[in-house]
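Colleague: Sharing a structure here in structure tokens format.
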Amino acid sequence: MKSTKGVSRRTFLKRSSATGIFLALGFPAAALEAVAEKMPPLQNMVLEALKGIEINPFIIIEQSGKITIVSHKPDMGQGTWQSIPTVVAEELDVDPATITIKSSVGEKKFGDQLAAGSSSIRGSWNTLRKSGAAAREMLMTTAAQQWGVPVAECSTANARVLHASTGKSLGYGELIEAASKLPVPAEPKLKAATAFKWVGKSVPKPDVPLKVNGTAVYGMDMKVPGMLYASVERCPTITGKLLSFDDSNARAVKGVKQVLKSERPFFSRTFEGVAVIADNYYSALEGRKKLAIEWDTSAEKGVDSDAFIASLHELAGQEGAVHDQAPEFNLVLEQASQKHTADYETPFLAHSPLEPENALVHVRDGECEIWAPMQGPDGVVNAVSEYLGIPYEKVTIHVPFLGGGFGRKAFTDYILEAAYLSRELKAPVKVVWTREDDTLQGPFRSASVSRMEGALDKEGKLLALHHKIVAPSIQGQLWNGLQENTPDVWAMEGISKHDSPYQVPNYKTSFVLAETSIPIAWWRSVYASASMFGHESFIDELAHMSGKDPLDMRIEMSQNDSRYRKVLEALKEKSGWAGKLSAGKGKGCAITKSFGSIVAHALFMGRNKEGKLRVEKVVSVIDCGTFVNPDTIRAQTEGNIAMGLTAAIKDPIIFREGKVQQSNFHNYRMLRINEMPEVEVHIMQNNEHPGGVGEPGLPPVAPALANAVFSATGKRIRKLPINMDEV
């Protein structure tokens, strides 16, 4: 076996214009070992993998035969730690159970590394497959050259190249050095879907044992020598200004080392706080409790969520910015025999990942090192580089597992907050947010109002449909403005004509911008989490106006699109929709396309011993195209149902005088285990391009629930959350 020690780093790579594939040799092993001695266990694992030869950015093969595949999207429970390497391994023709997995750490060669928008597989599918297939072709070509046989006579299995007629075989490790010198195929031959060995199968997830036995490494676990802890008191009105503070009692707490003003950059704004620094977290938190701070909260006196939502209803009377409109829409609406209009309201929500925000950062000598849970490593490096004014290459990050994200950890504010403190203190500083910090400080999913207008003919056929969204613009707030009379296109997710399952002759979508100083952000399934409540509830209302079964009407209106129709027909069959309900029970359905996937739910309600309505069962059908692991699809859909029900029936975030009224899980409640209904998830089988999985199951939950409440009680719900004890 030939050692790779002493091999100097050289990049000789050829880039595939179609895939962005690179070919490069690894780092000098001796240098890596020297650095590795100073690193915590997680990073040692990463560096160990780099001793091999990097045949392209995603694949590192050692001459011993050990294969490492990179997952370039952080895993927050959505399964990327398994799914991304499995796609590469499938085309490389190696058993995923035999490989080592490592995370990317912001290197530019991996491109976009943001795990958001349910995009990890659907956005990387072709690149991942081509990287594995290209490497396999290079290994086969090398073996064929050594044997003097045509490549077409070679095959692969179990990480070996085989020549059937002679019985010869060579392991990938034996071929890797020569193979790495070949040109990278720009368009390698991909496997047919029928040849997949692991994609589409219930392959065990390698992170599950780690998470069960407690050895999985999260951001909260990170420690380095000389580390200080920071707990930050922030203004209760979010955008308030610090006037003064008295830290004399805080400094008297044993272990407290320093108290200083801090800053938390959040795109175009910077929020202020007072940080208590200690040699342990308990002392930092105790010192923080003893601070005496005077804040200027005058700018937030008028911020009230009830008043804001009332303003949304008023704004719904405006025309707004039109996103799409059929030429005859206004005329058809005006002349229709039956018309219906209704407003639907959704509240502010917090993300509440189980692991609150935390970040360990060490700024020293023009460099920066970061250990933190994050959804986008490359974005973090960019943000920190820009904030500190140091080169991209001088920022090193370590990416652990995330204890949930839901969009919150796509933002870098808590990491920049730690970077600020480390720079000021010239020491590694770990900032830990409390549950209260996470609940009070945001950013939040914004409240919104959907105004729906519909027109029916005399036979109850839908002639025209208009969905107007009234909400703040996430784009506008993050990037300091939205162009005048322009709809926020993100707000059209799920409701655009392209995403709608229905063939409505005259369709219209529009957006009315509502300004707010409350920081808003992506929340699981973003605008679709709110807008589909109005959209699918309104379809239900129109079905009842027409005297039609709501599910049958949806099937009738989706006849021209086979994927939508098949999902709805499967839902009808799998749920037993046509069966009769006993007295007091109810059923509701809803369908949504978002993030490239179609999901429909049928939700069934019954009454408990006290006679209160409760969700008994949810039957779900998902068409996410080609999928990697059905267990992940089911788990993500179940998670979406739990989170969607929480958003529909539990507490909203309420602002009074600019301050959030909720603080922890006692008054911002989650769905409990005994409230979780029975769930069936059915996955459609086809060879379509992969769709998203992490979010599409959430948007149809609330409307299916509201429609089921109507079925059971005759009471139409147009405002979330629903008080289940009062319906």
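Colleague: Of the conditions (1) in a loop (DSSP other than H, G, I, E, B); (2) open to solvent by less than 60 Å² (accessible area, probe 1.4 Å), Ala230 clears all except one; give me its number.
Modeller: Result: Ala230 passes all but (1).
Colleague: Restricting the range 629-667 to residues that are open to solvent by less than 10 Å² (accessible area, probe 1.4 Å) and assigned to a loop (DSSP other than H, G, I, E, B), which is farthest from Ala299 (Cα to Cα)?
Modeller: Asn629
Colleague: Let me ask something additional. Could you tell me which residue of the range 502-531 is modelled with the lowest pLDDT, considering only residues that are surrounded by 21 or more Cβ atoms within 10 Å (Cβ to Cβ) and of a type outside the set (A, V, I, L, M, F, W, C)?
Modeller: Pro519
Colleague: Take Ser337 and decide whether it is surrounded by 16 or more Cβ atoms within 10 Å (Cβ to Cβ), farther than 29 Å from Glu386 by Cβ and of a type in the set (Ser, Thr, Tyr).
Modeller: No; evaluated as a whole, the condition is false for this residue.
Colleague: Under 9 Å between Cβ atoms, at least 6 apart or on separate chains: pull out the pairs that start in the range 483-504 with a residue that is within 18 Å of Val567 (Cα to Cα) and end on any residue that is open to solvent by 80 Å² or more (accessible area, probe 1.4 Å) and at pLDDT 90 or above.
Modeller: Sorted first by the residue in the range 483-504, then by its partner, the pairs are Gln503/Gln559; Gln503/Asn560.
Colleague: Further question: Scan the range 103-111 and tell me whether some residue there is in contact with a Gly (Cβ under 7 Å, 6 or more places away or on another chain) and closer than 26 Å to Pro353 by Cβ.
Modeller: yes
Colleague: Picking from Val709, Val615, Val619, Val628, which residue would you name as being within 29 Å of Lys73 (Cβ to Cβ) and in contact (Cβ under 8 Å) with a residue 24 or more places away in the chain?
Modeller: Val628
Colleague: Out of all the residues in the range 161-173, which are out of contact with any strand residue (DSSP E or B) (no Cβ under 8 Å at 6 or more places or on another chain) and either closer than 19 Å to Ala89 by Cβ or free of Cβ contacts under 8 Å to residues at least 12 places away in the same chain (or both)?
Modeller: Gly167
Colleague: Considering only residues that are under 17 Å from Asn723 (Cα atoms) and of a type in the set (A, V, I, L, M, F, W, C), look in the range 668-681 and name the one that is surrounded by the most Cβ atoms within 10 Å (Cβ to Cβ).
Modeller: Only one residue fits best here, namely Leu671.
Colleague: Ok, one more. For Gly625, work out the one condition from (1) closer than 18 Å to Pro690 by Cα; (2) in contact with a His (Cβ under 6 Å, 6 or more places away or on another chain); (3) open to solvent by 10 Å² or more (accessible area, probe 1.4 Å) it doesn't fulfil.
Modeller: Result: Gly625 passes all but (3).
Colleague: Take the residues of the range 69-98 that are among the hydroxyl-bearing types (Ser, Thr, Tyr) and out of contact with any Pro (no Cβ under 9 Å at 6 or more places or on another chain): which is most open to solvent (accessible area, probe 1.4 Å)?
Modeller: Among those residues, the one meeting the criterion is Thr98.
Colleague: Right, another one. Scan the range 692-711 and give yes if some residue there is out of contact with any strand residue (DSSP E or B) (no Cβ under 6 Å at 6 or more places or on another chain), over 15 Å from Ile591 (Cα atoms), at pLDDT 95 or above and open to solvent by less than 10 Å² (accessible area, probe 1.4 Å), otherwise no.
Modeller: Taking every residue of the range 692-711 in turn, at least one turns out to be out of contact with any strand residue (DSSP E or B) (no Cβ under 6 Å at 6 or more places or on another chain), over 15 Å from Ile591 (Cα atoms), at pLDDT 95 or above and open to solvent by less than 10 Å² (accessible area, probe 1.4 Å).
Colleague: Could you list, in sequence order, the residues of the range 408-451 that are among the hydrophobic types (A, V, I, L, M, F, W, C), farther than 19 Å from Arg288 by Cβ and surrounded by 22 or more Cβ atoms within 10 Å (Cβ to Cβ)?
Modeller: Listed by number, the residues that qualify are Phe411, Ile415, Leu416, Ala419, Phe444, Ala447, Val449.
Colleague: Would you point out which residue out of Ala570, Ala600 is open to solvent by 10 Å² or more (accessible area, probe 1.4 Å), over 23 Å from Lys650 (Cβ atoms) and either part of a strand (DSSP E or B) or of a type outside the set (Phe, Trp, Tyr) (or both)?
Modeller: Matching residue, one of Ala570, Ala600: Ala570.
Colleague: Do any strands (runs of 3 or more DSSP E) entirely within the range 256-316 hold 3 or more residues that are touching a helix residue (DSSP H, G or I) at 6+ places or on another chain (Cβ under 7 Å), closer than 18 Å to Phe245 by Cα and among the aliphatic types (A, V, I, L, M), and if so, which?
Modeller: Output list reads 256-266, 269-278.
Colleague: Same structure again: How many of the residues in the range 99-119 are of a type in the set (Gly, Ala, Ser) and open to solvent by 10 Å² or more (accessible area, probe 1.4 Å)?
Modeller: 6
Colleague: Mind listing whichever residues of the range 631-657 are free of Cβ contacts under 8 Å to residues at least 60 places away in the same chain and hydroxyl-bearing (Ser, Thr, Tyr)?
Modeller: Thr646
Colleague: Filter the range 627-666 down to residues that are closer than 24 Å to Glu616 by Cα and of a type in the set (Ser, Thr, Tyr) and give me whichever is farthest from the chain's Cα centre (by Cα).
Modeller: Thr646
Colleague: Return a yes/no flag: does the range 408-415 have any residue that is touching a strand residue (DSSP E or B) at 6+ places or on another chain (Cβ under 6 Å), over 30 Å from Ser311 (Cβ atoms), touching a residue at least 60 places away in the same chain (Cβ under 8 Å) and assigned to a helix (DSSP H, G or I).
Modeller: yes
Colleague: Filtering the range 715-727 down to residues that are farther than 12 Å from Leu645 by Cβ and open to solvent by less than 50 Å² (accessible area, probe 1.4 Å), which residue is modelled with the lowest pLDDT?
Modeller: Val727
Colleague: A further question follows. Whether any residue in the range 605-614 is within 23 Å of Glu569 (Cβ to Cβ) and open to solvent by 20 Å² or more (accessible area, probe 1.4 Å) is what I want to check.
Modeller: No, the range 605-614 contains no residue that is within 23 Å of Glu569 (Cβ to Cβ) and open to solvent by 20 Å² or more (accessible area, probe 1.4 Å).
Colleague: Could you tell me which residue of the range 233-255 is most open to solvent (accessible area, probe 1.4 Å), considering only residues that are of a type outside the set (Val, Ile, Thr) and part of a loop (DSSP other than H, G, I, E, B)?
Modeller: Lys254
Colleague: Another question, then. Hey, among the residues in the range 156-185 that are small (Gly, Ala, Ser) and open to solvent by 50 Å² or more (accessible area, probe 1.4 Å), which one's nearest to Asn126 (Cα to Cα)?
Modeller: Checked the range 156-185; the qualifying residue nearest to Asn126 (Cα to Cα) is Ala164.
Colleague: Tally the residues that are acidic (Asp, Glu) and free of Cβ contacts under 8 Å to residues at least 12 places away in the same chain, restricting the search to the range 510-548.
Modeller: Looking only at that region, the number is 0.
The values are calculated or read from the model by the stated rules, or taken from the named source; none is laboratory data. Just so you know, these numbers come straight off a predicted model, no measurement behind them. So basically every Cβ, Gly included, is an ideal-geometry build from the backbone, and we count neighbours across all protein chains shown. Heavy atoms of the whole protein, side chains included, go into the accessibility calculation; ligands, DNA and RNA do not. Shrake-Rupley method; radii C 1.70, N 1.55, O 1.52, S 1.80 Å.
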